[in-house]
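Q: One structure, as structure tokens, below. Some questions next.
The values are calculated or read from the model by the stated rules, or taken from the named source; none is laboratory data. Given the structure is predicted, the values throughout are model-derived calculations rather than measurements. Because the Cβ atoms are built from the backbone with ideal geometry, glycine has one as well, and the counts that use them run over all protein chains shown.
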């Protein structure tokens, strides 16, 4: 895989600067979330603002993965009053990967921004990604100054090393939650991961389909509300199980999953 890394940081842009020169024809922003009640309303607002700046048409797909703190209720309240907001709800917690796939299935626009609802990214950095869509199908952010606790950063560095070695992925930050993807580049791609391995699997399978990959540095903010779950032992163990399964699966035909969950585009 040939991956071009663009290291220049994408700083915050003021809303009064006007829309970027380049605009996408349509954008779905997917927000997977679990127990993000303090953040979800602001996350939707930020997503709408960034999408309106960067695309001719847009929609926001909130995927609540079985939250117990009222996240889904808040999101539905917003959706009733605000156009272009769709809420997908899982009856129980199924994992980050499952929420990720539900969002991709619900997406109707030609481009999809996959991000999180924890407000750790300024989504106006999307302005820096849009001009690169002429030459790339999968634009992957990497956190220039990751604002997470030291233990989480150390774990992430080890995980990135492992997946780079295992799958020959020449990327810095495979799990960065700032990914702009051409929807038809992943349409029909079967996914098996329901946990944190989903980002690696999506990139590996998109690469197998010939997707052109680029990286771009993004600024990262500290989390100010809610709790991180990435260091949870169950999450970590699931990620290792899924890594072993994907590695075994890819020893056969590149796109033959053990337990497939294909991305089927929503009707437009």
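Q: Hey, does the stretch 125-143 have a residue that's touching a residue at least 12 places away in the same chain (Cβ under 8 Å), at positive phi and in contact with a helix residue (DSSP H, G or I) (Cβ under 9 Å, 6 or more places away or on another chain)?
A: Looking through the stretch 125-143, none of the residues is touching a residue at least 12 places away in the same chain (Cβ under 8 Å), at positive phi and in contact with a helix residue (DSSP H, G or I) (Cβ under 9 Å, 6 or more places away or on another chain).
Q: A further question follows. Name the residue that is nearest to residue 216 (Cα to Cα), counting only residues in the stretch 116-139 that are part of a loop (DSSP other than H, G, I, E, B) and more than 15 Å from the chain's Cα centre (by Cα).
A: 136
Q: Looking only at the stretch 41-72, filter to residues that are within 19 Å of the chain's Cα centre (by Cα) and assigned to a loop (DSSP other than H, G, I, E, B); which one of those is surrounded by the most Cβ atoms within 10 Å (Cβ to Cβ)?
A: Checked the stretch 41-72; the qualifying residue surrounded by the most Cβ atoms within 10 Å (Cβ to Cβ) is 67.
Q: Checking the structure you have, find out if any residue of the stretch 73-90 is at pLDDT 95 or above, within 13 Å of the chain's Cα centre (by Cα) and over 20 Å from residue 136 (Cα atoms).
A: No: the stretch 73-90 contains no residue that is at pLDDT 95 or above, within 13 Å of the chain's Cα centre (by Cα) and over 20 Å from residue 136 (Cα atoms).
Q: Here is a follow-up. If we scan the stretch 172-187, do we find a residue that is part of a helix (DSSP H, G or I), farther than 25 Å from residue 63 by Cβ and touching a residue at least 40 places away in the same chain (Cβ under 8 Å)?
A: The answer is no; no qualifying residue exists.
Q: How many residues are touching a helix residue (DSSP H, G or I) at 6+ places or on another chain (Cβ under 7 Å) and either surrounded by fewer than 21 Cβ atoms within 10 Å (Cβ to Cβ) or at pLDDT below 95 (or both) when one looks only at the stretch 105-116?
A: The total comes to 1.
Q: Keeping to the stretch 200-238, report how many residues are closer than 14 Å to residue 95 by Cβ, surrounded by 13 or more Cβ atoms within 10 Å (Cβ to Cβ) and modelled with pLDDT under 80.
A: 5
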